[in-house]
Amino acid sequence: MKIGAVGDIALTHDYDVVYHARGPGYPFDLVRDILLEHDILIGNLEAPFCLGGEVYPERLSLRAHPGYVNGLKDAGFTSLIVGNNHILDYREKAFFETLDLLDSHGILRCGAGRDLAEANRPVITEKDGISVGILSRCDVTIKTPFYASENFRGLAPLNLMQLEEDVRSLRSKVDVVIVVLHWGVEDWQYPAPDQVEKAHRIIDAGADLVIGHHPHVLQGIEKYRNGYIAYSMGNFLFSDLDWRWANEEGEIKRAILKMSRIRKQTGILSIDVTKEGIGSVRMIPCLIGNDLRVSPIKNTFLSDMGM
């Protein structure tokens, strides 16, 4: 089996123009063949699907045209992480509609739900006799009420001791365990020491692979014991952001956030697995172009990990 993973997918702002001009498949055109080589393909859905709705005050909010779900499906995405700090930007209606839209298109989701139990629940898939379980948690500070509780919708928070128990439980049911974490500090090119410690503990508990995102830039890949840790997968599809909001006095404010070159550097993590676990890991280096499509690039430093 071949598993693929990418970072943040935020088909927002400038992607609205792309959608109406080129259709939902355009951003994936140059890497679709590579993506479709994978039996399981995982990405972080960084924006809810909606055309309107209510936002939280003074918060940079992201949203994607619902039609983009077809582009994601056609590009081969089988599992999307919804446990991140933007999935509830347009509040409950858009959040629930996003969950339902993914379900109706047969795309598995984890990391958030209608209550804590659903948010914590793993997704399990099987291909050619190999079973894979995916758990997802969020570990970033969010000022708005995004985290789930027993009777409240939202994200699955990272409780390390509970996650270790969940990994051990899942380990007994599947051949391969993947833990996806929304964590870290934006624009940091290296993980913090406590992230390294946490990732090692998750591998020690029985995970084969830990995948991170949130910093919007690529970080390193570590082989630890029998597992691998990709601390941050960076952005996969992201655009400049034109942020407009009203302050407490009702004044309209505006900020334009431009994508730096380092934020445009991305990749596709490609993992070969057997029933015994991970066989090989490589990074296929890519770049987000000015046309908002992601394309592969030749770079031996990134593509040959020596693994």
Counting only residues that are among the β-branched types (Val, Ile, Thr) and surrounded by fewer than 17 Cβ atoms within 10 Å (Cβ to Cβ), region 37-48 contains a total of 0
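Quickly run through region 156-176 and pick out the residues that are among the charged types (D, E, K, R) and buried (at least 19 other Cβ atoms within 10 Å of the Cβ). Write out each step before concluding.
First pass over region 156-176, keeping only residues among the charged types (D, E, K, R): 164-166, 168, 171, 173, 175.
Once the filter is applied, which keeps residues that are among the charged types (D, E, K, R) and buried (at least 19 other Cβ atoms within 10 Å of the Cβ), region 156-176 yields only 166.
Any idea which of 240, 208, 204 is farther than 27 Å from residue 141 by Cβ and not small (Gly, Ala, Ser)?
Only one candidate qualifies: 208.
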- Determine if region 195-211 includes at least one residue that is aliphatic (A, V, I, L, M), open to solvent by 10 Å² or more (accessible area, probe 1.4 Å), part of a strand (DSSP E or B) and under 22 Å from residue 40 (Cα atoms). no
Picked from region 213-247 (must be farther than 19 Å from residue 64 by Cα and without any contact (Cβ under 8 Å) to a residue 40 or more places away in the chain), the residue most open to solvent (accessible area, probe 1.4 Å) is 225
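Any residue at all in region 131-138 that's over 18 Å from residue 3 (Cβ atoms) and touching a Ser or Thr at 6+ places or on another chain (Cβ under 7 Å)?
So the first thing to find is which residues in region 131-138 are over 18 Å from residue 3 (Cβ atoms), and the list is 137-138.
Filter once more, keeping what is touching a Ser or Thr at 6+ places or on another chain (Cβ under 7 Å): none.
Checked region 131-138: no residue is over 18 Å from residue 3 (Cβ atoms) and touching a Ser or Thr at 6+ places or on another chain (Cβ under 7 Å).
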Restricted to region 13-36 and to residues being farther than 25 Å from residue 125 by Cα, in contact (Cβ under 8 Å) with a residue 12 or more places away in the chain and among the aliphatic types (A, V, I, L, M), the residue most open to solvent (accessible area, probe 1.4 Å) is 30
So, first residue among the charged types (D, E, K, R) in region 37-66, second residue surrounded by fewer than 19 Cβ atoms within 10 Å (Cβ to Cβ), Cβ within less than 6 Å, six or more apart or across chains; the pairs are 39/2; 39/127; 54/91; 58/245
Those residues of region 261-288 that are without any contact (Cβ under 8 Å) to a residue 60 or more places away in the chain, open to solvent by less than 50 Å² (accessible area, probe 1.4 Å) and not charged (D, E, K, R) come to a total of 4
Quiz item: Being open to solvent by 10 Å² or more (accessible area, probe 1.4 Å) and either free of Cβ contacts under 8 Å to residues at least 24 places away in the same chain or not basic (Lys, Arg) (or both), is that true of even one residue in region 2-12?
Solution: no
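Applying the selection to region 218-261, what residues are under 23 Å from residue 16 (Cα atoms) and β-branched (Val, Ile, Thr)?
Residues of region 218-261 that are under 23 Å from residue 16 (Cα atoms), as a first pass: 234-246, 252-261.
Within region 218-261, 252, 256 qualify.
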Scanning region 22-48 for residues that are of a type in the set (Asp, Glu) and in a loop (DSSP other than H, G, I, E, B) gives 29, 37, 39, 46
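Among the strands (runs of 3 or more DSSP E) contained in region 236-307, which hold 1 or more residues that are within 18 Å of residue 37 (Cα to Cα) and at pLDDT 90 or above? Steps first, answer last, please.
On the way: elements: 241-246, 252-257, 265-274, 277-288, 294-296.
Once the strands (runs of 3 or more DSSP E) in region 236-307 are filtered for at least 1 residues that are within 18 Å of residue 37 (Cα to Cα) and at pLDDT 90 or above, what remains is 265-274, 277-288, 294-296.
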How many residues of region 228-254 are over 25 Å from residue 183 (Cβ atoms) and not polar (S, T, N, Q)? The answer is 11
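The values are calculated or read from the model by the stated rules, or taken from the named source; none is laboratory data. Quick caveat: nothing in here was measured; it's all calculated off a predicted structure. Please note: Cβ atoms are built from the backbone with ideal geometry, for glycine as well, and neighbour counts cover all protein chains shown. With ligands, DNA and RNA removed, areas are computed over all heavy atoms of the protein, side chains included. Shrake-Rupley method; radii C 1.70, N 1.55, O 1.52, S 1.80 Å.
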